[in-house]
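Asks: Provided herewith is a single structure, encoded as structure tokens, for subsequent inquiry.
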Amino acid sequence: MEPRSQKTRRPSKAHTPICSYRCYLNLIRGCYSCQWDLSTWKNYTLGSCCCTWKEKLFFPFLLISFTLSLIMLFVWMETSNEYFDFDWAVFITTGLWAYWSIVFLSIFGILTAYTSLLMVLGFLLIWEGNKLKLHWCHKLLIVLVSAIVVALLCILCVFWRDKWLVAGLSLKVFAPYWHLACIILMVILSWPVSYYMVCLEAEARYKSFMMPCYKQEIPGRFGILTRLKALQLVIGLPFFIVLLFLYLMPMGIHSPCIQEKESLGPKPTLFGHRGAPMLGPENTMMSFEKAVEHGAHGLEFDIHLSTDSVPFLMHDHDLRRTTDIREVLPSASWNRSDSFSWDVLSTLNAGKWFLKDKPFYKMEPLSEADNEKARSQKIPKLHNLLDLARKEKKYLIFDLTRPPRKHPLRDSYISVVVSVILASKIDPHLIFWLPGSDRDYVRYLAPGFQHVGRLESVEKLAEQKVSVINVDYKELFYSGLRHYKAANITINVYIINKPWLFSLAWCSRIHSVTTDNVKLLSQMNHPLFFMTPRHYMYIWLLIDTISAVLIFFIFYFHW
């Protein structure tokens, strides 16, 4: 007779791991193939992964989709310095201002997370010996993700080819840290690699021991032992080749941020791009005053001329983005900025848009006094800024837009601007003359101006008697503009907002940078990610040694 206590007792806890294991397998198989029915267990033979040829072909396609989406996410993250320009370009096309760059960043992050999740689930199913059977909905989405990413990469290659240079610049700074991350990843991967290699070795030994019991193998085919050894080679050899490459990779890393402390140049001076547009409405007196307040060495701005010969400060060719023209004169909102008289321009508000649209992502909140000041900003005249620069002794660099045809100052705009500058009594040496046309005429009218050139040959700059150049920061990719520094040419790069890019310019001995983020960069007292060669060699050898010991013990443990 069986005791009553034996009849009514609860199931043994020994069954719990089986249930949990089955629930775990059902979860990953349900997420991957959308088959949640537990009754389908009887159709699966665990321990023997035998997929259809379609699934075997599609899984590498999933890996390719993940790789492409990861590349796109990496490129877009590294080009965060260009987010404002991208939002502005979309505004010019659509007329709608929003953080389009952040929207795209979120989309790329979601695509990468989605493909990586499916890839991990696929690897887990293979690990457990399950069949791969990706649901058709996932397959359709993967194809769509691949098409979207490929299309966007093609667009980048055609329209924003220089964005790839930003990724290259980031590698110049972050290569030592990417090396560390890759070594850590290889240590993690050594666990499944060693496990599979040891399993294959055990199976090969078992087959070798049992071989006398089997009939002679079919001639003309590779023996099972040969196939197992070949599979070991296919798994292990690439792993150790990549590991050896990573161990030796620092020998090929030449970062400007790895140098002796004595070789580090002085901190680049700062030009406030349209003032301090993260602290006040761009190209307004509030913005320029904020730039001066936070230690800007100079001010950058844009000049247009009204129909009645008044130079004023405005960047865009129309007034829609930075004024209330659509509320005051909606029928004329698409007209060019220089098609209005100063009587009309002086009535427009140039600050309310700043409080409403917040042009930069994660801007610091303004005080109540600054909010009121921004709300009352108007379009400034050129002479207003000249008075501020003369008083504070700040350098000025500007773009000058030629008026359109039928404008009364179409052919005399340069002489008008030069006359206004000279009338302000500012020290001519503080003026960096950037416009490239009529340089000889400007030298005749104002011999004290410093003329600024573009990225031209050193010989041509010498012909033009230009000793200052203003270049895009992506030109740092080409040896840090060393030929110009060797010719004693002063270099200003634009537009740098991120601390890592400013650190790269600092380590590259650039003289000055134009920035929207005057407040943050002015607070930097030392370049980020800077290290001496001896310090880097110590880190390199330490990482390689520790990782080699860990990988050895992981293989030894499985063996």
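The values are calculated or read from the model by the stated rules, or taken from the named source; none is laboratory data. All figures in this text were calculated on a predicted structure; none of them were measured in a lab. Neighbour counts are summed over all protein chains in view; Cβ atoms, including those assigned to glycine, are modelled from backbone coordinates with ideal geometry. Please note that ligands, DNA and RNA were not included when accessible areas were found on the heavy atoms of the full protein model with its side chains. Shrake-Rupley method; radii C 1.70, N 1.55, O 1.52, S 1.80 Å.
Asks: Only residues that are open to solvent by less than 60 Å² (accessible area, probe 1.4 Å), farther than 22 Å from LEU70 by Cβ and within 34 Å of the chain's Cα centre (by Cα): list them for region 121-136, please.
Replies: Within region 121-136, just HIS135 meets the criteria.
Asks: Tell me, yes or no, whether region 370-390 has at least one residue that is modelled with pLDDT under 95, part of a loop (DSSP other than H, G, I, E, B) and over 21 Å from LEU299 (Cα atoms).
Replies: The answer is yes, given that some residue of region 370-390 is modelled with pLDDT under 95, part of a loop (DSSP other than H, G, I, E, B) and over 21 Å from LEU299 (Cα atoms).
Asks: Just a yes or no: is a residue in region 328-339 of a type outside the set (Gly, Ala, Ser), within 25 Å of ARG402 (Cα to Cα), in contact with a Phe, Trp or Tyr (Cβ under 6 Å, 6 or more places away or on another chain) and open to solvent by less than 50 Å² (accessible area, probe 1.4 Å)?
Replies: Within region 328-339, not a single residue is of a type outside the set (Gly, Ala, Ser), within 25 Å of ARG402 (Cα to Cα), in contact with a Phe, Trp or Tyr (Cβ under 6 Å, 6 or more places away or on another chain) and open to solvent by less than 50 Å² (accessible area, probe 1.4 Å).
Asks: Does TRP88 meet the test of being in contact with a Pro (Cβ under 8 Å, 6 or more places away or on another chain) and either in a helix (DSSP H, G or I) or open to solvent by 20 Å² or more (accessible area, probe 1.4 Å) (or both)?
Replies: Against the criterion (in contact with a Pro (Cβ under 8 Å, 6 or more places away or on another chain) and either in a helix (DSSP H, G or I) or open to solvent by 20 Å² or more (accessible area, probe 1.4 Å) (or both)), TRP88 does not qualify.
Asks: Please enumerate the residues belonging to region 91-118 that are assigned to a helix (DSSP H, G or I), more than 19 Å from TRP76 (Cβ to Cβ), among the aliphatic types (A, V, I, L, M) and open to solvent by 20 Å² or more (accessible area, probe 1.4 Å).
Replies: ILE92, LEU117, listed by residue number.
Asks: Do we find that THR322 is more than 28 Å from the chain's Cα centre (by Cα), touching a residue at least 40 places away in the same chain (Cβ under 8 Å) and at negative phi in this structure?
Replies: Answer is no for this residue.
Asks: Looking at this structure, is ASP427 under 30 Å from GLY280 (Cβ atoms) and under 25 Å from the mean Cα position of the chain (by Cα)?
Replies: no
Asks: Could I ask something else about it? Limited to region 461-491, what total is found for residues that are part of a strand (DSSP E or B) and open to solvent by 10 Å² or more (accessible area, probe 1.4 Å)?
Replies: Qualifying residue count, region 461-491: 3.
Asks: With LEU409, LEU396, LEU422, LEU386 as the choices, which residue is of a type outside the set (D, E, K, R) and within 30 Å of TRP97 (Cα to Cα)?
Replies: LEU396
Asks: Suppose the filter is more than 30 Å from LYS362 (Cα to Cα), assigned to a loop (DSSP other than H, G, I, E, B) and touching a Phe, Trp or Tyr at 6+ places or on another chain (Cβ under 7 Å); does LEU121 pass it?
Replies: No.
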